[in-house]
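The values are calculated or read from the model by the stated rules, or taken from the named source; none is laboratory data. Note that the coordinates shown come from a computational prediction; the quantities given were computed from them, not determined experimentally. Here the Cβ positions follow ideal geometry from the backbone for every residue, glycine too, while neighbour counts run over all protein chains shown.
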Amino acid sequence: MPRERHPCVYLLASKPFGAIYIGVTSELVGRMFQHRTGVSGGFTSRYSVYRLVRFEEFGTMDLAITREKQLKNWHRQWKINLIQSDNPDWHDLAPGIGLPPLAPRKPRDGS
């Protein structure tokens with residue numbers, strides 16, 4: 001039985017007002033798992049950008065890709081305003097889609 005697909009655009013953040021990543025996928029839970037386990041590597045792994053702060057679902061992948069491109073061209077402050085319009089405290093939304101909460105970050109010892 002094929003998996004049901006839900007095209008969406010998602011925004012990840014390293015922390016409130018931290019690094020922001022914008023992506024598109026047809027399977028958000030699986031894609032979040034890839035980010036959090038480091039399978040995807042790249043920007044999200046390098047800057048610990050794992051907190052799901054916003055996602056928008058679409059009827060088709062073409063619509064989701066169009067929205068992703070639009071958001072990637074926005075100024076940083078516009079992206080922050082968009083996140084804060086629905087998620088003012090920058091809570092991790094991943095537990096709401098079936099993923100475990102993020103583990104607390106370990107403090108750096110400065111060495």
Out of (1) outside any loop (DSSP other than H, G, I, E, B); (2) farther than 19 Å from Gly98 by Cβ; (3) free of Cβ contacts under 8 Å to residues at least 40 places away in the same chain, the one His35 does not meet is (2)
Hey, Gly18 hits all of (1) out of contact with any His (no Cβ under 8 Å at 6 or more places or on another chain); (2) not in a loop (DSSP other than H, G, I, E, B) but one; which does it fall short on?
(2)
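Looking at region 41-99, which of the residues that are among the β-branched types (Val, Ile, Thr) and touching a residue at least 40 places away in the same chain (Cβ under 8 Å) is surrounded by the fewest Cβ atoms within 10 Å (Cβ to Cβ)? It would help to see each step written out before you state the result.
Applying the first criterion (among the β-branched types (Val, Ile, Thr)) to region 41-99 yields 44, 49, 53, 60, 65-66, 80, 83, 97.
Within this subset, residues satisfying the condition of being touching a residue at least 40 places away in the same chain (Cβ under 8 Å) are 53, 60, 65, 80, 83, 97.
Values: Val53: 27, Thr60: 11, Ile65: 14, Ile80: 17, Ile83: 18, Ile97: 13.
Ranking the qualifying residues of region 41-99, first place goes to Thr60.
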Check on Arg76, within 17 Å of Cys8 (Cα to Cα) and modelled with pLDDT of 95 or more
no
Out of contact with any Asp or Glu (no Cβ under 8 Å at 6 or more places or on another chain) and under 16 Å from Leu102 (Cβ atoms), is that true of Thr44?
yes
